[in-house]
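Participant: This is the structure, below, for whatever I ask next.
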Amino acid sequence: MNKRAFLKHSALAGMGSVLGMDSFAAAFQRVKNIEADLLARDDKFWQGIRNQYLLKPDYINLENGYYNFIPQPLLEKYIEHIRHINFHGSWYMRNYSVLDKASVVEKLAPVVGCAPSELAITRNTTESLDIVIAGKHWTSGDEIIMAEQEYGTIIAAIRHVADRYGVQHKMISVPNLPASDEEIVDLYRKAITPKTKLILISHIINITGQILPIRKVCDMAHQFGVEVLVDGAHAIGHFKFKMTDLNCDYYGSSLHKWLSAPLGSGMLYVSKEKMPGIWPLIIGGDKDPFKMQRITHMGTHPAYTTLTIADAIDYYQLIGPERKEARLRYLQQYWTSKVRKLPNILLNTPEDPARSCGIANVGIKGIPPRDLATRLMDEYKIFTVGIDGANVFGCRITPNIYTTTAELDVLIGALKKMSA
């Protein structure tokens, strides 16, 4: 097999052959002129998407935020890649794994809105952010600002460098229902001192679903010479944005969440001028300070997972970023709008559509979140997760595009009954 033929076989040649779903592609062609917000409300149409998922009948899955498992067409592609690489073995890894990984980066770059040279495939958000947190050159007395609502292991990573290098970490708390962007920006501004070197901030807070004004925080921070590291674990494939619009210095995300790539797939963005300031955690052969390969080397990796990222991108583009975002936001607002004003209900997610998308968090006064999650599962067969901490008291609700309004009606009924 020559190189051209091999790459053609490995790469994603066309939507029909990749997904084996000509009729599925035709379905989207038929609705191409329907506005995304209108199509988002059509459960009958989205049933076609639901049919491509193998769903357990035991419960209603409203915990898609941890791992947004992949639909059957992508699962088949994943298995196909595993078989292909297993068949070719070391010959593939020595001759094509690097080339194929680079082609996936090229395909992902337009989705996230940055140059391919500033982007790398990683295994998850934690790895991506740790590359930056542990790789920066810290000196005693440097300060990092972060919110208590950040992801636990990332807070732990910052506390680790604080213990190791004498770095100071300043904790703030982001309000669940802010009055304005300026309220958020001012929280970070007031915490900055001449010793502040980095702000860690979530693009979308994982426990509440609140989308933060990243561009405004970055612009403010840069006025003080402070860099910004963004935790975008739940953003890629969830709602549309471009890295170039954010003006951040570093950005990490998990692609196995809302992009529906296989487990163990993530990405890291590093602004070109910031690359020389990061020390690699795992040493490879590349010494060019302006290459992502120097700071993101991971040794032998599951190449079939990387290849399937490209399939997931094709699937995402077929659905349409605008249509997917509109569907996720519609589902969230469908149920939150029906319970927000109920007595004893605590909605920990902003009502403004611009401040959230598919994720929301709901609690009931007097019921511990863990107990609420248990009762939802035991009494109503609804699977979710309880959050009790960081000023958040409730269960995180994360539907997927396959979720139906009938399933959300079960949640609404449960919340109404329990809150009464």
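Nothing in this text is a laboratory measurement; each read-out follows from the coordinates by a stated rule. Just so we're clear, the structure is a prediction, and the values are computed from it rather than from any experiment. Neighbour counts run over all protein chains shown; Cβ positions are idealised from the backbone, glycine included.
Participant: Taking the Cα centre of the chain as the origin and placing charges on Cβ (Lys, Arg +1; Asp, Glu -1), which of Ala303, Thr196, Pro57 is farthest toward the positive end of the dipole?
Facilitator: Result: Ala303.
Participant: By how many nm would the segment from Asp409 to Thr374 grow when fully extended, if each residue of separation counts as 0.36 nm and the alpha-carbon distance is taken off?
Facilitator: 10.8 nm
Participant: Extension gain Asp288-Phe224, at 0.36 nm per residue separation less the Cα-Cα distance, in nm?
Facilitator: Once the chain is fully extended between Asp288 and Phe224, it gains 20.2 nm.
Participant: Here's another thing I want to ask about it. Counting Lys and Arg as +1 and Asp and Glu as -1, each charge on the Cβ, what is the dipole of region 97-313 about the Cα centre in debye, to the nearest 20?
Facilitator: In total the dipole reaches around 260 debye.
Participant: On to the next question. Would you mind working out the magnitude of the charge dipole of the chain relative to its Cα centre, with +1 at each Lys and Arg C-beta and -1 at each Asp and Glu C-beta, to the nearest 20 Debye?
Facilitator: 460 debye
Participant: Order by neighbour count: Ser103, Ser140, Ser202, fewest other Cβ atoms within 10 Å first, most last.
Facilitator: Taking fewest neighbouring Cβ atoms as first place, the list is Ser140, Ser103, Ser202.
Participant: Ignoring everything except DSSP H segments at least 4 long, calculate the 222 nm mean residue ellipticity for the chain; use -39,500 (n - 2.57) per segment, divide by total residues, nearest 500.
Facilitator: Calculated mean residue ellipticity at 222 nm is -14000 deg cm²/dmol.
Participant: So what's the gap between the Cα centers of region 342-390 and region 182-213, to the nearest angstrom?
Facilitator: With region 342-390 and region 182-213 each reduced to a Cα centre, they are spaced 24 Å.
Participant: Continuing with the same structure: Taking the Cβ of each residue in Met220, Met298 as the centre, tally the other Cβ atoms inside 10 Å and list the residues starting with the fewest.
Facilitator: The most exposed by this proxy come first: Met298, Met220.
Participant: I would also like to ask the following. Which length gain, in nm to one decimal place, applies between Ser180 and Tyr66 when the Cα-Cα distance is subtracted from 0.36 nm times their residue separation?
Facilitator: Between Ser180 and Tyr66, full extension yields 38.2 nm more.
Participant: Lys/Arg Cβ at +1, Asp/Glu Cβ at -1, dipole of the chain taken about the Cα centre: which of Cys395, Ala109, Ile158 is farthest positive-ward?
Facilitator: Going by the charge dipole, the pick is Ala109.
Participant: Let me ask another. Strictly over 21 Å apart at the Cα level, which of Lys170/Lys242; Lys257/Lys287; Lys338/Lys416 would you flag in this model?
Facilitator: Pairs exceeding the cut-off: Lys170/Lys242; Lys257/Lys287.
Participant: Using a/c under 1.5 as the rounded threshold, could you call region 267-420 rounded, prolate or oblate? The axes a ≥ b ≥ c are square roots of the C-alpha gyration tensor eigenvalues, and prolate needs a/b larger than b/c, oblate otherwise.
Facilitator: prolate
Participant: So how do Met146, Met171, Met243 line up by other beta-carbon neighbours within 10 Å, fewest first?
Facilitator: Met171, Met243, Met146
Participant: Among DSSP beta bridges whose residues both lie in the chain, state the antiparallel percentage, nearest 5.
Facilitator: Of all bridge pairs located within the chain, approximately 55 percent are antiparallel.
Participant: Between region 263-334 and region 132-150, what is the separation of their alpha carbon centroids in Å?
Facilitator: 22 Å
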